[in-house]
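In what follows, a structure is listed as structure tokens, so that the remarks can point back to it.
The values are calculated or read from the model by the stated rules, or taken from the named source; none is laboratory data. Quick caveat: nothing in here was measured; it's all calculated off a predicted structure. Here Cβ is always computed from backbone atoms with ideal geometry, including for glycine, and neighbour counts include all displayed protein chains.
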Amino acid sequence: MGFATAAVIAAVAAFPAAALAASGTTTLALNGPAAKSLRQSGVHFIPLKPAKGGKGRIELPVRGGLAGASTTVLAHSGGISAKLPGGKSLHLTKLRLLLGKRSRVTASAAGESIDLFRIARGGKRNVDPVAGSVELRGLRLKLTREAARALAVPERGRKGAGEDGDRQLTGIFGTLSSHAAGLTASGGAPGQEMAEGSTGCPSPSGAGLAPEDPLPVAAWPAGAADIASATIDWHVRESFIRYIATGEGTSVSGGATADPPVLLDGASTPLTYDFHFPFAGGWHDSGANPADPADDTAAIYYGGSVRFLYSGHEIDLAVSAPEIEIAGGASRAIFAVAEDGGAGTRQVLVNLDLGRAAAVAVNGNTHVYERVPGAIPSGTATSVFAGFYAPGTEFGCFTVRYTTG
């Protein structure tokens, strides 16, 4: 999947309050010619709980997702165990169905996110972006070459050589059907989804720019001043904190700190919503007009990590080493995002809407950006939040203070 696809995610995986009510099932009928060819080669697929099924049939519970007019995402509990020749197994977990410009089913295999199946055109597709419901029937699945390599399947099918064998491997693997309700609805009134999130933060004006791929490091301009000291406060989306708190909750490491728990309206118990990271370095450029902060640019780097853990819902997401880029309408917060204890990947967690900040002030060589709302960026339905939040949705806010040397 690329937040890293992945992520987190991923990832890596963040969930609004609406996802708590998600229900449904996705059924994979693995009975196509390609699947039969693999079975004859000694590769078999069986469900991993709470998934159900048997030979050639896997039923995956839907645990959340996004019903969108252009992009639809379903995330599932359980998984698939691929029994390989020689007694080895490959567990495929965190299965996600993505319908959009490039429809596919992704999975985590040996700690890596892969495209498991491509979804061919056709089948019955009924997505209601307002109601947050999905009904799919007869969507044809094709095994990807990436998945074939993960399963140690040669480029050509096991059943014979040449074009016939190739067709056996890349042909129809099976079909997919799904019904789901209670998903995040992206077709409601503007601002409706944002309003139910973090009451402690302003609402952003929109999604902002899509991240570049690959993601660059902000270039240090000639003549930019060193930042001598800086602080950061990240107020995380409150509905997400409440959701994670029903699992193991949050923890900090590497010098990051957490505020004491507070009891907010809508919560039944005091929880921690604000996190801080140790300053590591950075630069500030006053732009063409030093008297006007509107064209200022800066990059501020921090250390430390915050972990969000809800193992019962397959969420283990760590965000580390934040980078705050101040660049007008292109401002953003970048984190190293890791899922399930894996290596972190730099990803744009949110775009920062300076125009909706509670305050932007300059006092001598001290700069303050207070409660700048963060929005899920465009083009990140398969990134760390895995489609559970529509682009433009508020995901907390940041207060950044820094002083140049």
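The table below gives the values:
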{"read-out": "Any hit, region 42-61, residues being exposed (fewer than 15 other Cβ atoms within 10 Å of the Cβ), under 17 Å from Thr25 (Cβ atoms) and modelled with pLDDT under 90", "value": "yes"}
{"read-out": "Qualifying positions in region 228-252 - in a loop (DSSP other than H, G, I, E, B) and either surrounded by fewer than 21 Cβ atoms within 10 Å (Cβ to Cβ) or at positive phi (or both)", "value": "Thr246, Gly247, Glu248"}
{"read-out": "The listed residue being among the small types (Gly, Ala, Ser), part of a strand (DSSP E or B), surrounded by fewer than 16 Cβ atoms within 10 Å (Cβ to Cβ) and at positive phi, out of Gly223, Gly281, Gly255, Gly266", "value": "Gly281"}
{"read-out": "Matching residues in region 84-111 - criterion: being surrounded by 13 or more Cβ atoms within 10 Å (Cβ to Cβ), over 14 Å from the mean Cα position of the chain (by Cα) and closer than 16 Å to Ala148 by Cβ", "value": "Leu84, Leu90, Leu92, Arg104, Val105, Ala109"}
{"read-out": "Identity of the residue in region 363-405, outside any strand (DSSP E or B) and aliphatic (A, V, I, L, M), that ends up modelled with the highest pLDDT", "value": "Ile376"}
{"read-out": "Hits in region 27-48 (condition: touching a strand residue (DSSP E or B) at 6+ places or on another chain (Cβ under 9 Å) and part of a loop (DSSP other than H, G, I, E, B))", "value": "Leu30, Asn31, Gly32, Gly42, Val43"}
{"read-out": "All positions within region 66-79 that are farther than 20 Å from Ile46 by Cβ and modelled with pLDDT of 80 or more", "value": "Ala67, Thr72, Val73, Leu74, Ala75"}
{"read-out": "Elements of type strands (runs of 3 or more DSSP E) in region 111-216, at least 1 residues being under 29 Å from Gly56 (Cα atoms) and at pLDDT below 90", "value": "112-119"}
{"read-out": "Failed item in (1) among the basic types (Lys, Arg); (2) outside any strand (DSSP E or B); (3) modelled with pLDDT of 90 or more, with Lys101 passing the rest", "value": "(3)"}
{"read-out": "Flag for Val130 being within 16 Å of Gly68 (Cβ to Cβ) and surrounded by fewer than 20 Cβ atoms within 10 Å (Cβ to Cβ)", "value": "yes"}
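Residue by residue, here is whether (1) surrounded by fewer than 20 Cβ atoms within 10 Å (Cβ to Cβ); (2) at positive phi holds:
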residue	(1), (2)
Ala298	no, no
Gly304	no, yes
Tyr310	yes, no
Ala318	no, no
Pro322	no, no
Ile326	no, no
Val337	no, no
Gly341	yes, yes
Thr345	no, no
